[in-house]
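All remarks here apply to the structure that follows.
All of the numbers you see were taken from the coordinates with simple rules; none came from a lab. As the structure is a prediction and not an experimental result, all values here were calculated from the model. Cβ placement follows ideal geometry from the backbone for every residue including glycine, while neighbour counts extend to all protein chains displayed.
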């Protein structure tokens, strides 16, 4: 890279750290650290939700699919995100916000202790935390691949550099730092992506070149679903993303919780859904066009980086690399914040009685320590990413497949139609879904991505519903939560003031802010 490229990249890192320092002043307690104190504007949480929803894998793994298969990557990978987030704007986003406003919860899993029981909460907390270590590891590996192409930096060094910078700003600033850096990253990434699209269009002969591009692409590259990406895979992916992007990916639930009202949460989700329709098309266009411009790339995962080096002028290369960093750092920092909220609010109080009565200062210190530990573990896994199927193998085969069993009890537990599905239904669906994944992936040795994705999802969903119908577990406290988070539920639960839990479990819950 040229000197101007290094200046652009270095400036990006400095701005991220300064935002972290500024955000540190806004964090005075656990609620500020995990949910921004419920004071974030809807447009900021909407952009943050969007930026935290994907990483540099867009420029590595998904770019490779675009280069090898064409526009199908937009159809199966990003249309489901728009659909899932759009559904969430109506169904789930307002409910997450009411949970925080009504009961003062600061963790997405905090309400599960009462909705089901402690055992269910802990099962989802431990398995979800382990899954997130692998998920974020894939993101570090993606950035390391890009750094290697641009600068020649060793993979392991790239993982450590990116992880440490993210660690510094998100540890001190909490969710405020995450959201504000997401916004800054959105601007930087936007400038870089638009510049890349303009350059590629110029190489194709201008805007008119788009109309002829489709005839110059390899066979099947203009088909919406092709290769391993079948209609069944696409349908299953939509269902998975409905769960994942509305709470199953815990950090995204925090964005809804951080707004000031259910209406703002709904607008936040709507903005994110709109961005998922528009923005990935810009990001993926250069990789879709790459077979025409660079027809003989040995490693498709490097195609976006190679195009940036070949076509962009000095300065813009560094800015493009910064834009690629932005998605990964946005997702990883928000994941780290979500995981630390689950550990501090849901896991530590069960493991230690002392943790149930922690002061605000002790809670903040614990949150920051958990953030450090989580990011460090994910970097160690990233160094060994190839042993887990590479970047796309982790994102699709592992994360997408296992997300269903973890998120189905979490999300459906808020809906009235499933109010009689108790801890028995939740635990059976969770365990059977994970077992289904293990059997198909390792017991049968299947390489069929559709089977790997569909089996755990369908198993968990069917068993959750069937067990709830066959063996209902009525629970007044659980019913009160379902009613309170429904539209109009604020008034219906006004007298409660807090989640009704047994006296010996009350230290696990926080009092309502109002």
Inset, instruction - Mind checking the full-extension length gain between residue 261 and residue 298? Use 0.36 nm per residue of separation minus the Cα-Cα distance, one decimal, nm. - result: 8.3 nm
Inset, instruction - Just rank 142, 308, fewest to most, by other beta-carbon atoms within 10 angstrom. - result: 308, 142
Inset, instruction - Divide, for segment 3-391, the radius of gyration over alpha carbons by 2.2 N^0.38 Å, where N is the residue count. - result: 0.97
Inset, instruction - Run the quick spin-label model on residue 479 and residue 90: label points 7 Å from Cα toward the beta carbon, then report their separation in nm to one decimal. - result: 2.8 nm
Inset, instruction - Specify the inter-centroid distance of segment 66-142 and segment 233-275, based on alpha-carbon positions, in whole Å. - result: 8 Å
Legend entry - Stokes-Einstein translational diffusion, segment 258-379 - Kirkwood Rh over all Cα pairs, 1.306 mPa s, 10 °C, in µm²/s: 86 µm²/s
Inset, instruction - Provide the FRET efficiency to the nearest 0.05 for the residue 21-residue 351 pair, computing r from the beta carbons and using R0 = 41 Å. - result: 0.80
Inset, instruction - Report the extension gain between residue 214 and residue 310 in nm, rounded to one decimal, defined as 0.36 nm multiplied by the number of residues separating them, less their alpha carbon distance. - result: 32.3 nm
Legend entry - Residues 333, 407, sorted so that the one with the fewest Cβ neighbours within 10 Å comes first: 407, 333
Inset, instruction - Order by neighbour count: 266, 353, 100, 345, fewest other Cβ atoms within 10 Å first, most last. - result: 353, 266, 345, 100
Legend entry - Chain lengthening between residue 281 and residue 3 when straightened (0.36 nm per residue, less Cα-Cα): 97.0 nm
Legend entry - Estimated FRET transfer efficiency when R0 is 22 angstrom, pair residue 462-residue 438 (beta carbons, to 0.05): 0.80
Inset, instruction - Could you calculate the FRET efficiency of residue 197 with residue 469 from 1/(1 + (r/R0)^6), where r is the beta carbon distance between them and R0 is 56 Å, rounded to 0.05? - result: 0.65
Inset, instruction - Give, in whole angstrom and from largest to smallest, the semi-axes √(5λ) of the equivalent ellipsoid of segment 180-231, with λ running over the eigenvalues of the Cα gyration tensor. - result: 28, 20, 6
Legend entry - Spin-label pair residue 448/residue 126, simplified geometry with 7 Å Cα→Cβ offset, distance in nm: 3.3 nm
